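Everything on this sheet refers to the single structure shown next.
The values are calculated or read from the model by the stated rules, or taken from the named source; none is laboratory data. Remember, predicted model here, so these are calculated numbers, not experimental data. In this analysis, Cβ positions are derived from the backbone assuming ideal geometry, glycine residues included, and neighbour counts consider all displayed protein chains.
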């Protein structure tokens, strides 16, 4: 398979970027011509950022699974689409060819139809990292249902919130999941969530861990039984449902600066084109390469660069059920050696964690198949970049440092492997079609180089967020209202003398913990649910492995108890309401929080204390009670 839109030289990159800015319609029309459409578009792009209203490939008809599966069958039918490496290295791995995957997706699409799922219905998927997760996603898309994957670490309350927001009447889950030395009881968590969600009609349960589960008559069915029913019908075909380019493909929930997660909506046409385009160009994918993205499919990275981007390109995508440090810290390197992996795409958190084990686990594994290394989730620090480069890439593999978000759908700023220059800790240059700009707090553009500002994007790219599910105003307020006529990323950014971009971190009330965004308000709401908590404030502080960790300042009603036990109780509360990913790393009990006279908590001060910057707190004269700051400083955890 060839990719007419693949950029091979810096000169081609410069020309492509200029063309994409001067003539976005012509540029993306040319890229889109490499895909399979039932009907070509009437117009390539219509947009305004005021409403916001963005439409790519308006009037075009397609089904994304035809592009990910059907069109490859003639040339790639016997080639591996997915390689699955189980959690336990002693368990047998699975290789699923494009023909196998097409067959399994058609089967499960018929299962969904037999259970009442129709075009436009929302299907919640809460599974471990098994191939059936990708199959469920693609089967939903094949029949025009909107999938909403929830990461397997979220709590019952988090699931209930998302089910209610999406009004998802159908759930696909597993009895349990394996993750390192843990067994996660997914079905029982779903059962707890469904106590609040009586509108759910069907729960389809895959057998994975053989954990005993409760199966409710009329609602719960086994995946395997439903597949057998389809087989007894003679395995009928399931023709892909024709979708409009702007029909929703999926909802993916992400934390924001308010307590309620927001459902980011991506649509069929633009998302398909951009994820495949960015995958091929950033990683310089060559047919036959094995691409190993270590993310969970429950996050946007897994959606775009395990499932849709690679399969759109006819690539081989490696799916890993486990964690990098189990049964030992050599797991990634064993996998690379075992399958002769060519592209490794992982998170700085994982790299820093593995650095802590030294080079012993790396030795004895043949990593010579690697051609490209990639980093995702947060800016990679220079020390981790050099360790990755020297010890894993052996100085021969370009490192792509990719910046993007759930809302962007695909990579926006990154070097292209071996094509455009890399620079440690810099995302470097925007992809064609992406026009970054820096603005000051008042929205004035900051021009020139060696400057810092808030990162905005001037014009839409094909996989831009279209709305937040059921609440378009929230989408407008969050991303398009801060700076009129611009998409505001929420990130600060530095542009160097050569025009390279380096992301400097969030400038809003959102934390980036282990590459995953968590809203401070969401964590505070969970803490405040604990019976003894009067009030709380949460900030991020630097962490050697996670990048950012969570520091909670808590005003507690009853201070006579055991503080350590109370801390554990609060952590348990957060874990139960959101999930373990959001639990505070440090909890400090305080008698009060630094507030202005109007009642606003001064998180700037709390952030500095959490970071250990006790001398340079800044002006405290506007505080209602400046004395509270000294008390907080003196009792810093």
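Numbers for the structure displayed
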| quantity | calculated |
| --- | --- |
| Residue that is surrounded by the fewest Cβ atoms within 10 Å (Cβ to Cβ), among those in region 221-241 that are outside any loop (DSSP other than H, G, I, E, B) and touching a residue at least 24 places away in the same chain (Cβ under 8 Å) | 231 |
| Residue check for residue 545: in contact with a strand residue (DSSP E or B) (Cβ under 7 Å, 6 or more places away or on another chain) and in contact (Cβ under 8 Å) with a residue 12 or more places away in the chain | no |
| Every residue from region 454-481 that is over 21 Å from the mean Cα position of the chain (by Cα), free of Cβ contacts under 8 Å to residues at least 60 places away in the same chain and buried (at least 18 other Cβ atoms within 10 Å of the Cβ) | 454 |
| Residue within region 558-575 that is at pLDDT below 90 and either in contact with a strand residue (DSSP E or B) (Cβ under 6 Å, 6 or more places away or on another chain) or closer than 24 Å to residue 162 by Cβ (or both) present | no |
| Selected residue (criterion: surrounded by the fewest Cβ atoms within 10 Å (Cβ to Cβ)) from residues of region 497-509 that are touching a residue at least 40 places away in the same chain (Cβ under 8 Å) and closer than 18 Å to residue 402 by Cβ | 499 |
| Condition check for residue 187: more than 13 Å from residue 107 (Cβ to Cβ), in a helix (DSSP H, G or I) and modelled with pLDDT of 95 or more | yes |
| Candidate set from region 423-444 (those that are surrounded by 21 or more Cβ atoms within 10 Å (Cβ to Cβ) and touching a strand residue (DSSP E or B) at 6+ places or on another chain (Cβ under 9 Å)); member that is nearest to residue 456 (Cα to Cα) | 434 |
| Selection from region 350-371 of residues that are under 12 Å from residue 388 (Cβ atoms) and in a loop (DSSP other than H, G, I, E, B) | 362, 367, 370 |
| Counted residues, region 125-147 - those being under 26 Å from residue 85 (Cβ atoms), touching a residue at least 60 places away in the same chain (Cβ under 8 Å) and outside any helix (DSSP H, G or I) | 6 |
| Positions within region 54-92 being within 22 Å of the chain's Cα centre (by Cα) and assigned to a loop (DSSP other than H, G, I, E, B), in sequence order | 86, 87 |
| Criterion violated by residue 95 - all others in (1) surrounded by fewer than 17 Cβ atoms within 10 Å (Cβ to Cβ); (2) assigned to a strand (DSSP E or B); (3) in contact (Cβ under 8 Å) with a residue 40 or more places away in the chain satisfied | (3) |
| Boolean, residue 468 is out of contact with any helix residue (DSSP H, G or I) (no Cβ under 8 Å at 6 or more places or on another chain) and under 28 Å from residue 28 (Cβ atoms) | no |
| Region 167-193, residues that are within 22 Å of residue 113 (Cβ to Cβ) and crowded, with 19+ Cβ neighbours inside 10 Å | 168, 170, 171, 172, 173, 174, 190 |
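Results for (1) crowded, with 22+ Cβ neighbours inside 10 Å; (2) touching a residue at least 24 places away in the same chain (Cβ under 8 Å); (3) within 21 Å of the chain's Cα centre (by Cα), shown as yes or no for each residue.
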| residue | (1), (2), (3) |
| --- | --- |
| 339 | no, yes, no |
| 347 | yes, yes, yes |
| 352 | no, yes, yes |
| 366 | no, yes, no |
| 382 | no, yes, no |
| 390 | no, no, no |
